[in-house]
Amino acid sequence: MSQRLGFFTRLLDNVPAKQRYQLAIEQIQHAERCGFDAAWIAQHHFHKDEGGLPSPLVFLAHAAAHTRTIRLGTAIITLPMENALRVAEDAAVLDLLSDGRLEIGLGSGGTPDSFLPFGLTFAERGAAFADNLHTLLSAWRGDSLGHPDNHLWPAAPQLAGRVWIATFSVEGAIRAGQGGHGLMLSRTQPRPAGQAELTLDALQNPLIDAYLAALPAGTEPRILASRTAFVADSDHYARQIAEPGIRKQAAQHRGEIRGESFDDLLAQFDAHVGGIDQVARSLAQDSVLPRVTDISFQVHSAEPSHADTLRSIELIAGHIAPALRAAGEPDRRIS
């Protein structure tokens, strides 16, 4: 099977919330028309400049009513902040309403002060995630819930096989593999101290190795890599549109940035920006991509306009994805 192509949004268009949601629906519809296999959305609480959506399953119910075939996924639900049984119930209903198109990406979250209103500290997120994941899977698998007569309804055993776990660590990848879940790899991630020049694929290939080694025998791997890619009809136009957003991101990371040129910043933020040929060449250097089953592309943090985002979706579907798929079947061997 060829790699599945995904569109990802954090709903960060610089407009009021209602319009952000309307534009995201239009982008997902356009991705469906262009042949994308999946659309992924993120959850963020409180901080509108990190992400514009606190209620991903509510949003995906609306997206399901305005699409027909594209799969709809969360990337991610911040599970420690949720009531796991309510997530189980809402996801079960949504999967029915969407004709079985729901994918569930889960993670522990990364914004420390967002945990406080939920009665948690950042340090407690790992244990809370593990507890809530156990409850979630138990509900979907039909276990009794607090009393022999209590079982999830509507039943949703199928969702236990559509869980994806986001992680930056080898340990997290091992846990995802041992559980038979999908592995979600980020568009970028922090470099270890003293290794600022380390490439993203050098960080993520060991996660894939650990995940594959931990998978139970006979379990098909599911590995999703998210990547920032903004494609336009020319290198010049793409760079012109992307530079303000990239420099805005750099300003938020003062003290961590090496160099000031636009190309320096693109490398540090693992962003692929340019015309078709430039982005294709840039992505071809990423040794993770031939090993994954799914690739999702996002324009953040380039911050193009809605129209430019739609054009990027078209160019990725028409030119970038075929070039990636031309490499053949994903190589998921342990290196």
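To two decimal places, what compactness ratio does the stretch 30-104 give when its Cα radius of gyration is scaled by 2.2 N^0.38 Å?
Working it through for the stretch 30-104, the quotient is 1.09.
Please work out how much accessible surface K248 shows to a 1.4 Å probe, ignoring ligands, DNA and RNA, in Å² rounded to 10.
100 Å²
Mind pulling the angle between the C-alpha long axis of helix 17-33 and the longest principal axis of the chain? Nearest 10 degrees, somewhere in 0 to 90.
Tilt relative to the chain: about 80 degrees.
If a/c stays under 1.5 just call it rounded; otherwise compare a/b with b/c (prolate if a/b is bigger, oblate if not). Do that for the stretch 202-245, with a ≥ b ≥ c from the square roots of the Cα gyration tensor eigenvalues.
Prolate, since a/c reaches 1.5 and a/b exceeds b/c.
Based solely on its DSSP helices, what 222 nm [θ] is calculated for the chain when runs of n ≥ 4 H residues each add -39,500 (n - 2.57) and the sum is averaged over all residues, nearest 500 deg cm²/dmol?
-12000 deg cm²/dmol
Which one of N150, N132, N83 has the biggest mean-square fluctuation once the chain is modelled by GNM with Cα springs under 10 Å?
Evaluated over the chain, the most mobile residue of the options is N150.
Estimate the FRET efficiency between E260 and S287 by the formula 1/(1 + (r/R0)^6), using the beta-carbon distance for r and 30 Å for R0, to the nearest 0.05.
Computed FRET efficiency for E260 and S287 comes out at 0.60.
Quick query: amide H of G73 versus all other amide H atoms, modeled in the peptide plane; which residues come in under 5 Å with a sequence gap of 5 or more or a different chain?
For G73, the qualifying residues are A39, W40, I41, E103.
Can you compute 3J(HN,Hα) from phi for each residue in the stretch 88-95, using the Karplus curve 6.51 cos²θ - 1.76 cosθ + 1.60 with θ = phi - 60°, rounded to whole Hz and x for Gly and Pro?
Per-residue couplings from phi come out as 4, 5, 4, 5, 4, 5, 4, 5 Hz.
Hey, quick one: spin label on A323, modelled 7 Å out along Cα-Cβ, who in the stretch 266-300 has an amide N within reach, i.e. under 13 Å?
272-286
Can you compute the FRET efficiency between T199 and H147 using 1/(1 + (r/R0)^6), with r the Cβ-Cβ distance and R0 = 51 Å? Round to the nearest 0.05.
Efficiency computed from Cβ-Cβ geometry: 0.45.
Under a 5 Å amide H to amide H cut-off, with H placed in plane at 1.01 Å, what residues pair with G275 once short-range neighbours are removed?
A232, D235
Connecting C-alpha atoms closer than 10 Å in a GNM of the chain, tell me which of L120, L136, L203 has the biggest fluctuation.
L120
Using modelled amide H (1.01 Å from N, peptide plane; none on Pro or chain starts), what sits under 5 Å from the amide H of S296, excluding residues fewer than 5 places away?
The list, which skips near neighbours in sequence, is G6, A225, S226, R227.
Might you tell me the accessible area per residue for the chain, computed with a 1.4 Å probe and given in Å²?
Per-residue accessible area for the chain comes out at 45 Å².
What's the extension gain from T111 to A213 if we count 0.36 nm per residue and subtract their Cα-Cα distance?
Result for the pair: 33.7 nm of gain on full extension.
How charged is the neighbourhood of P304? Take every other residue with its Cβ under 10 Å from the Cβ of P304, and add Lys/Arg as +1 and Asp/Glu as -1.
Combined, the nearby Lys, Arg, Asp and Glu give -2.
Measure off, as a whole percent, the carbon and sulfur share of the 1.4 Å-probe accessible area of the chain, all protein chains present.
Carbon plus sulfur share of accessible area: 53 percent.
Give, in nm to one decimal, the length gained when the segment between A307 and E26 is fully stretched (0.36 nm per residue of separation minus the Cα-Cα distance).
That pair, A307 and E26, stretches by 100.1 nm at full extension.
What are the ³J(HN,Hα) couplings of the stretch 202-207, residue after residue, when phi is run through the Karplus curve with 6.51, -1.76, 1.60 and θ = phi - 60°? Round to Hz, x for glycine and proline.
5, 6, 8, 4, x, 5
Given charges of +1 on the Cβ of Lys and Arg and -1 on the Cβ of Asp and Glu, with all other atoms neutral, how large is the dipole of the stretch 1-133 about its Cα centre, in debye to the nearest 20?
320 debye
Run the dipole for the chain about the Cα centre, Lys and Arg Cβ at +1, Asp and Glu Cβ at -1, nothing else charged, and hand back the magnitude in debye, nearest 20.
200 debye
What does the charge add up to near E103, with Lys and Arg as +1, Asp and Glu as -1, over the other residues with Cβ less than 13 Å from its Cβ?
Counting the neighbours of E103, the net charge comes to +2.
Between helix 235-251 and the chain, what is the angle of the helix's C-alpha long axis to the longest principal axis, kept within 0 to 90° and rounded to the nearest 10?
It works out to around 60 degrees.
The values are calculated or read from the model by the stated rules, or taken from the named source; none is laboratory data. Keep in mind it's a predicted model, so treat the numbers as computed, not measured. Here Cβ is always computed from backbone atoms with ideal geometry, including for glycine, and neighbour counts include all displayed protein chains. To get the accessible areas, we keep the full protein, side chains included, count just its heavy atoms, and leave off ligands, DNA and RNA. Shrake-Rupley method; radii C 1.70, N 1.55, O 1.52, S 1.80 Å.
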